[in-house]
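Working notes, structure below.
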Amino acid sequence: MKKFLSLLLAVLMLFLLAACGDEGGTEATQNGENDPTVDAQDVVDKVLEDAEEHEAFSQGAVDYFLRKSVGFELSAVEPDFQWKLKSNYSAYGDDPSTGSGHAVINFTKAEGEITDEEYDKWFKKLFDTTAKASDDGYNIKGYEFADAEKALNETTLEDSLKGFLQGWAFKVDGKIYVVYVSREYDNNKDSELGKLFYYDGAKVDIGVGLQKSLSSTLDEAESYLSENEDEVKEAISDFFN
């Protein structure tokens with residue numbers, strides 16, 4: 001599993017670097033030479049197959065990742081209302097032994113819509129749990145949500161829930177973990193609470209975050225791939241063959 005995830009990271013990073021590179025491409029690519037075509041859907045399908053094989057799509061996998069990576073159980077961040085998993089893909093947890101990855105779960109309310117009060121109570125419970133588990137005793141903004149100069153500053157729940165992308169970060173054993181939260185809705189139902197959507201899901205994603213600014217991270221990744229280009233190409237070739 002560790003080998004697979006490392007390879008997947010290399011593949012995805014290659015996609016990312018290609019997307020951020022020169023729009024004109026290299027001369028060889030423009031001429032149609034040395035242009036290996038990789039179907040992104042094939043990559044996704046392979047990830048799903050491997051994850052199912054290792055039972056990553058399960059509530060137990062989420063709990064295991066959290067306990068081993070950040071030191072608290074799933075029960076510490078689950079909402080107080082009765083909830084269920086809407087599908088087999090509502091919970092996912094990576095193997096924590098890789099030292100990377102994440103765990104994500106969508107708590108769907110068993111009956112009815114989630115009220116604003118229930119969301120607020122869950123957000124606070126989650127925020128307090130990560131703060132308690134952190135090295136510092138508080139949550140930080142994180143490189144995903146703030147400039148490098150402010151990324152390690154303490155944050156509040158109110159500030160963390162502002163904007164389109166909501167979340168925060170915290171440090172455990174010197175490593176930064178990132179938390180993403182979102183309100184999930186059901187397109188097939190109309191709200192009875194006067195809301196624009198029928199909100200019945202509370203989703204949280206906790207995983208290893210950026211340890212430094214995005215620009216620095218990409219620079220290091222580009223340098224690593226450049227130094228290990230032959231090995232990465234061989235690994236990708238073996239994977240797709």
Hey, if you drop one equal point scatterer on each alpha-carbon of the range 101-165 and run the Debye formula without solvent, what base-10 log of I(q)/I(0) do you get at q = 0.13, 0.18, 0.20 Å⁻¹?
-> -0.46, -0.83, -0.98
In Å, what Rg and Dmax follow from the Cα atoms of the range 102-208?
-> 14.8, 45
Rank by packing, highest mean first: peptides 115-127, 63-75, with packing defined as the count of other Cβ atoms within 10 Å averaged across residues.
-> 63-75, 115-127
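Given a cut-off of under 8 Å on Cα pairs at least six residues apart, what relative contact order in percent is computed for the range 56-122? Mind showing how you got there, number by number?
Working: 100 pairs, mean separation 26.0, N = 67.
Computed value for the range 56-122: 39 percent relative contact order.
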Quick one: which of LYS109/LYS212; LYS84/LYS141; LYS86/LYS212; LYS121/LYS141 span more than 28 angstrom between C-alpha atoms?
-> LYS109/LYS212; LYS84/LYS141; LYS86/LYS212
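Bear in mind these aren't lab numbers, they're just calculated from the coordinates by the rules spelled out. A quick note: this is a predicted structure, and the numbers were derived from the prediction, not measured. Cβ sites come from the backbone with ideal geometry, for glycine too, and all protein chains shown count toward neighbours.
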